[in-house]
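**Q** I have a structure I would like to understand better, so I am pasting it below and will then ask my questions one at a time.
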Amino acid sequence: MPTLESLQEQIDDLKRQNQIIIDSLALSSGIEKKAFSSETDIEPEVLIESEKEVAEVIVEKENKTGIVEKENKTGLEEKIGKKWFAFIGIFAIVFGIGFFVKYLSDNGFLGPIVRITLGFFASVFLIVGGEIASRREKYARWGKVLVGGGLAALYFVVYAAYNFIEYREVLGISQNVDIVLLLLVALATIGFSLKDNSQIVAAEAIVLGLTTCLLSSDFGYLMLVYNLFLALAMTTVAVYKKWSILGLASIFGTFIVYAFWRGSNDNFSIGALFLIFYFLCYIIQIALIAMKDKSTTSENRIIISGLANSILFFVAGMELVRSFHSDYDALFCLLLSAFHLGIFGLAFFFNREKISKVYFYLGVAFLAIAIPLYFEKSLITIAWSVLNVVMLATFLKTKYRPLEYLFYCLSFFIAWKVLLFDSQLDSFSWGNFSGSTRALAFFAAAACFYLGYFLVARNREKLTASFQKIVPYFYASVPTLILAVWPLFEDGENSQVLTICWSVILAGVVGLSLIKRFSEFRAVALTLGVVIFLKMFFYDLVYLDWFQHLSEDWRLIAYAITAAIFYFAYVAVLPQKESLPSGWKSLPIIYSWLGIGALFVMLWLELSGYWISVGWAILALVSVALGFIFNKRELRYQGIAVLIITIFKVFLYDTSKLESIYRTISFMVLGAILLASSFLYNKYKDKIKEIL
């Protein structure tokens, strides 16, 4: 027999289960928990709906266990059989009606009035039959498909009544009457789609209705009017029901019909007028849907619709403008840019961040397109570079991310354009500096890139985290590359002038690398230094000296300047050695090796015979001596390395190739320098032990 205590436990369990059910009902139906108190009356319908939703939730949870696979398969099969087969079938039937009527017309079967009447009754039959079928829940979707097909067929009948000449002559219908009838069919479409709350009816009507235009070979102005009515009708339905996917479909359909009209018509005013109507119609549609529906799914569709509308309008409008008034293509882009930036401002004001970004991107893109259309080739790069810096400065001020990404994209495009296309501009001339368009483009781009780097270096923390390391390196290396490539196009045959130019650039980059916050220039300077040395040793010394003769007028100057700049870099960076990151502490030593390497190559090219050995020996002695004087081990090691090479040259080359007197001089000088070096090492042996 149950005790009082056990009964209390059962009551408590029932309360807990009841609370769980109440919580589930409240969660699924959106009713607050407090509404489920004992004092609140709940409508039975609400409970029934809530129970259904809870049941659906439970099914969804159960589906995760493995039942889902079977149910999904059944759902896909039902979708194909009930929805898609019906849609494709009615599509085929409407097309069949259209082609059948056209076949009767082409072959003279039946009279025009009979044919148009048959088409009308076939349309009405589909609409009425679909309405009757849709009243039964089992055939609701199938019936709506029939209604949509009937409306599409009716579109064709009304369209053909005027646009097909034989029907127009028999019926005596005017263009204005046909337009009114088309409008009535459009209104009927709106009525059916709203009454049945069905996108199927609206979608079929717009898709199949637009295809009626393609059944006629005479694309007159009526086609544009008809197209506009359809656009307005679909815009009304899409906005009222918040059917953004329907609005997107109508955008593509409208511009496709316009393209067919444009293929056989050359009236600029009419084409431009209707293009603007279409564009503004869908701008209004997108804005109204955005105001009514702020869900994430709808916002993504709105963004796609905005992109489709703007891009299609730009393509169609640009083709029209360039066909009739090519001088105004830049103005068209500028107006389009201003319009989109204005929409960006409105969207930003209403806190629609994603939408505002899209229109901002479009506005800047149209502005970037306008620049090459408005300016001459020589000024395009300059204009883009200035625009790029303005975008970067604005981003750093506002932290508006789209500006940052646009800055990266445009920077990459500018670099690509300068290196591949601006090389074909006019060459440099001191007498006509303003006409030296290649130099202007290269230097303007490099200056803007350097300015961009300085702004980025001062505001690294404002960049996207994943870009904070790579972006500064990009904006430090690209302008240096642009400046280094420019001499190749101006005087690429004079290798020594190129070496001088690169060395001057190296000096500037080394100077920038000394500034702590401009640390990226260390890698740029080192890379350029190594490239210069490799050019001197492998290209100038080996290739040109064997196959061509270097220009002796500039050779000594070029190599002396290069060596001096390498040593300048060594002396300038050396005081910062201890403060450099662990991987960069050997940087000054590398510069010193590049410096003595440049002098080594210079002596090899400038001297001949035994004087080469003499020059190398003296260079080695000076390097060892400076190493002792300034207590720099790397200088001594460099001197020893040059001495070893000199020894091999004297014993292996000079002994067999030179005459006796010159051979004697080589050995004497080498011996003297070796003795002097030995003397220095003996004199400073205690100091060397302290260093080591």
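The values are calculated or read from the model by the stated rules, or taken from the named source; none is laboratory data. From a predicted model like this one, the values you see are computed outputs, not experimental measurements. Reconstructed Cβ throughout: ideal geometry from the backbone, glycine too, with neighbour counts over all protein chains shown. Remember, those area values only see protein heavy atoms, side chains included, never the ligands or the DNA or RNA. Shrake-Rupley method; radii C 1.70, N 1.55, O 1.52, S 1.80 Å.
**Q** Please list the three semi-axes, largest first and in whole Å, of the ellipsoid equivalent to the stretch 337-470, using sqrt of 5 times the eigenvalues of its alpha carbon gyration tensor.
**A** Each semi-axis is √(5λ); the values are 30, 19, 11 Å.
**Q** Moving on. Which ³J(HN,Hα) values, rounded to whole Hz and listed in residue order, are derived for the stretch 615-622 from phi using the Karplus coefficients 6.51, -1.76 and 1.60 in 6.51 cos²θ - 1.76 cosθ + 1.60 with θ = phi - 60°, glycine and proline given as x?
**A** Along the stretch 615-622, the couplings run x, 5, 5, 5, 4, 5, 4, 4 Hz.
**Q** If you wrap a convex hull around the alpha carbons of the stretch 552-622, what volume per residue comes out, as a whole number of Å³?
**A** So the per-residue hull volume is 83 Å³.
**Q** Okay, next question. Enter the accessible area of residue 515 (Å², nearest 10), with the probe set to 1.4 Å and all protein chains included.
**A** Accessible area of residue 515: about 70 Å².
**Q** Further question: Calculate the spin-label point distance for residue 485 paired with residue 346, positioning each point 7 Å from the Cα along the beta-carbon direction, and give it in nanometres.
**A** 4.2
**Q** Let's test the formula: R0 of 25 Å, r as the Cβ-Cβ distance of residue 267 and residue 113. What FRET efficiency results, to the nearest 0.05?
**A** Using R0 = 25 Å, I get an efficiency of 0.15.
**Q** Can you tell me the Rg and the Dmax, both Å, for the Cα atoms in the stretch 216-279?
**A** Using the Cα atoms of the stretch 216-279, the pair Rg, Dmax is 12.3, 38 Å.
**Q** Under the rule of at least 5 residues apart or a separate chain, name every residue whose amide H is placed under 5 Å from the amide H of residue 580.
**A** For residue 580, no residues qualify.
**Q** Each label point is 7 Å from the Cα along the Cα-to-Cβ direction; what then is the distance between the points at residue 571 and residue 240, in nm?
**A** Here the modelled spin labels are 8.6 nm apart.
**Q** Counting only heavy atoms of protein chains, what accessible area per residue, in Å², does the stretch 340-437 have with a probe of 1.4 Å?
**A** Per residue, the stretch 340-437 has 52 Å² of solvent-accessible surface.
**Q** What Kirkwood hydrodynamic radius do you get for the stretch 215-326 when you take the inverse of the mean 1/r over all pairs of distinct Cα atoms, in Å?
**A** After inverting the mean inverse Cα-Cα distance, the result is 14.4 Å.
**Q** In square nanometres, what is one fourth of the surface area of the convex hull spanned by the alpha carbons of the stretch 278-403?
**A** One quarter of the hull surface, i.e. the mean projection, equals 8.1 nm².
**Q** State the extension gain, in nm to one decimal, for the chain segment bounded by residue 260 and residue 399, taking 0.36 nm per residue of separation less the distance between their alpha-carbons.
**A** 45.6 nm is the gain from fully extending residue 260 to residue 399.
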